[in-house]
Amino acid sequence: MKLKLVDKEIQTGDVKSFVFEPDIPVEWAAGQFMVYRLDHENPDIRGKQRFFTISSAPFEKHIVITTHIQKDKSSTFKKSLDSLKIGDFIEAKGPDGDFILEDPNKNYVFIAGGIGITPFHSIIADLAHKSLPINITLFYANKTEEFPFKEEFEKIREQNTSFKVHYVVSPKHIDENLIKENVADLQKKIFYVSGPEKMVEDLTEMIKGIGIKEENIKQDFFPGYDPI
C-alpha cells in the first residue's frame, strides 16, 4: 500500500511523529507494526526498509510513525523520512505482530525504554477510546525528562484510577526494587517489555528472577538504539 504524509508533529526534543494517510482502508490491532519502504539515494548499510510500530491507535485511522530524528546520527532512511514534504508518499506492508493486549480485564505491567513507548501508546489510547479497563502499571524510562506522550498519559490517568505511571529518568533505571515497591501481587500480572534490545533482554531476565513465568512475559525489541 501507499501512505501519504499529511502531517509532522514534534513530540519532544528530537522525537517526531509522521502522520500518514493510507491509500486503502487499513485495520490493525493496537501494538502492531508495519514494514515501510522509502526509496532514497545512497542508502546506508541498513537499506531502504524499516520496521516501525504504528504509534497511533486504530480509531485514529492514520498510520503514525514516531521515532528519534537526530541530524548527525540518524540513518539515511530517517533523514529521508524527515525530509519528506506533506503530500509525499512511502510504501508499506502489514500490519503484523503479536505485541497486543488480548484481554483488558487482566492486570498488566508495561515497561518501556525510550521510543519503546510507541506500542504502549497505541494500546493505552485504544483502551481509553473504547472505555475499556486500563489495568496497567506503566514504568517508562527515558534519557531526559521530556517524555513523549506524557501529557496524553496524564489525561488518561486522571480518568482511570487503575492506570498508574512511573517515570524514570537516566541515570536512574527500572529495577527489581522499583517494581516490587509499586506493584502488588506480582505473580498475577502479565509483563510487556519494549525498548532497546539489550534493555529488553536484561529486564526480561530480571523479571524472570522475581518469579514471573516466561509465558507471562511479552517482548518488543527496537534494534539500533542504546540501552536507557
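Is region 72-85 home to any residue that is open to solvent by less than 70 Å² (accessible area, probe 1.4 Å), in contact (Cβ under 8 Å) with a residue 12 or more places away in the chain and in contact with a helix residue (DSSP H, G or I) (Cβ under 7 Å, 6 or more places away or on another chain)? No, region 72-85 contains no residue that is open to solvent by less than 70 Å² (accessible area, probe 1.4 Å), in contact (Cβ under 8 Å) with a residue 12 or more places away in the chain and in contact with a helix residue (DSSP H, G or I) (Cβ under 7 Å, 6 or more places away or on another chain). Among the conditions (1) part of a helix (DSSP H, G or I); (2) open to solvent by 20 Å² or more (accessible area, probe 1.4 Å), the only one that Ile123 does not satisfy is (2). Every condition in (1) over 23 Å from Asp103 (Cα atoms); (2) in contact with an Asp or Glu (Cβ under 6 Å, 6 or more places away or on another chain); (3) buried (at least 20 other Cβ atoms within 10 Å of the Cβ) holds for Ile174 except the one numbered (2). Filtered by the rule that a residue be among the polar types (S, T, N, Q), without any contact (Cβ under 8 Å) to a residue 12 or more places away in the chain and not in a loop (DSSP other than H, G, I, E, B), region 129-188 gives a lone residue, Asn177. Screening Pro133, Pro148 for residues that are modelled with pLDDT of 95 or more and touching a Pro at 6+ places or on another chain (Cβ under 8 Å) leaves exactly one candidate, Pro133. Exactly one residue out of Glu145, Glu205 is in contact with a strand residue (DSSP E or B) (Cβ under 6 Å, 6 or more places away or on another chain), surrounded by fewer than 12 Cβ atoms within 10 Å (Cβ to Cβ) and either within 17 Å of Ala112 (Cα to Cα) or hydroxyl-bearing (Ser, Thr, Tyr) (or both): that is Glu145. Considering region 44-61, the residues that are hydrophobic (A, V, I, L, M, F, W, C) and within 13 Å of Asp126 (Cβ to Cβ) include one that is surrounded by the fewest Cβ atoms within 10 Å (Cβ to Cβ), namely Phe59.
The values are calculated or read from the model by the stated rules, or taken from the named source; none is laboratory data. Everything numeric here is computed off the predicted structure, so don't read it as measured data. Using ideal geometry, Cβ is built from the backbone for each residue, glycine included, and neighbour counts are taken over all protein chains shown. When the accessible area is computed, the model is the full protein with side chains, heavy atoms only, and any ligands, DNA or RNA have been set aside. Shrake-Rupley method; radii C 1.70, N 1.55, O 1.52, S 1.80 Å.
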